[in-house]
Amino acid sequence: MSDAGMTGSFDSVIGIGKEDAIRKFLTQFAGQVEVPKKDLRLNGVVVAIDEANGKALSIERIAVCAE
């Protein structure tokens, strides 16, 4: 998992449309951007920590897809 807190459209870059993100990267000018509203997802993890030594006891992936 590379982004434990990803929430939004799976087909996006940091919450904006891919084409807008590429244009912003190439031109250094954001302009108006579109926020994708399809294939919305929430991803994360729940980690149980041993309070005595700070080590992880378990990790559980959470993945929720909106319909």
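The values are calculated or read from the model by the stated rules, or taken from the named source; none is laboratory data. None of these values were measured; they are calculated from a predicted model. These accessible areas exclude ligands, DNA and RNA; they are computed on the full protein's heavy atoms, side chains included. Shrake-Rupley method; radii C 1.70, N 1.55, O 1.52, S 1.80 Å.
A few points about this structure:
- Cα long-axis angle, helix 18-27 against the chain (0 to 90 degrees, to the nearest 10): 70 degrees
- Ligands, DNA and RNA are left out, and with a 1.4 angstrom probe the accessible area of the chain is 84 Å² per residue.
- Adding -39500 (n - 2.57) for every DSSP H run of four residues or longer, then dividing by how many residues the chain holds, sets the calculated 222 nm ellipticity at -4500 deg cm²/dmol.
- Straightening the chain between Val46 and Lys18 buys 7.2 nm, computed as 0.36 nm per residue apart minus the Cα-Cα spacing.
- Split the accessible area of the chain by element, probe 1.4 Å, and carbon with sulfur accounts for 58%.
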